[in-house]
1. Just check the range 51-200 against the gyration tensor rule for me: Cα atoms, a ≥ b ≥ c as the square roots of the eigenvalues, rounded for a/c under 1.5, and otherwise prolate or oblate depending on whether a/b exceeds b/c.
2. Rank the residues 109, 133, 195 as a footprinting-exposure proxy: fewest other Cβ atoms within 10 Å of their Cβ go first.
3. With an 8 Å Cα cut-off and a minimum separation of 6 or more residues, compute the relative contact order for the range 83-161 in percent.
4. In the range 60-76, whose amide N lies under 20 Å from the spot 7 Å out along Cα-to-Cβ of residue 169? List them in ranges.
5. Provide 136, 185 in ascending order of the number of other Cβ atoms located within 10 Å of each residue's Cβ, fewest first.
6. Using 0.36 nm times the number of residues separating residue 134 and residue 57, minus their current alpha carbon distance, what extension gain do you get?
7. Could you list 157, 89 in order of exposure, starting from the residue whose Cβ has the fewest other Cβ atoms within 10 Å?
């Protein structure tokens, strides 16, 4: 999937260099439709799992805070990293608010805020997913099973879920799925909110 995403990005850049679309109306319409379809598919997949809330209720109450702590750490960590990389703190926080869901966050940012920041969000969140795959085993071993859920962010419900399950246990796998689901729901809420705050500032 990562290679497909990168390939699509490169193909888009090449087409943008070679072809000109008057006014960009067709591209804007395509972006709107793609975003709508993406959100519909995510909602459908959540509604399709009739056991989801039963699984969530089986978790210890303290575990319910995991996705919100992961979200806070992602946004604050990205803002701090922005200082080191000379990126505006607000924009760095916006990139971090993708929580690893590069397809949605990048489209939202590019469409509603800035194409360059959207591209940065795409690349950053792709690298987050790749790094999560690499570090989850070490995090589980040295920092505990629950900590292994955080690196994957929103991808803990799909791409990185098998990695978490393989290096922890069944209960942690359920926690990972729950955390990834909540973070996926938060992305289309927090990203537009941060964009609004940046525009207001």
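Taken together, the values in this text are just the output of simple stated rules run on the coordinates, not laboratory data. Quantities reported herein were computed from a predicted structural model and do not represent experimental measurements. Methodologically, a virtual Cβ is constructed for each residue, glycine included, from the backbone with ideal geometry; neighbour enumeration extends over all protein chains shown.
1. Taking the square roots of the gyration eigenvalues as a ≥ b ≥ c, the range 51-200 is prolate.
2. So the residues, fewest neighbours to most, are 133, 195, 109.
3. 27
4. Backbone N within reach: 60-67.
5. With the fewest neighbours first, 136, 185 line up as 185, 136.
6. My answer for the length gained is 24.7 nm.
7. 89, 157
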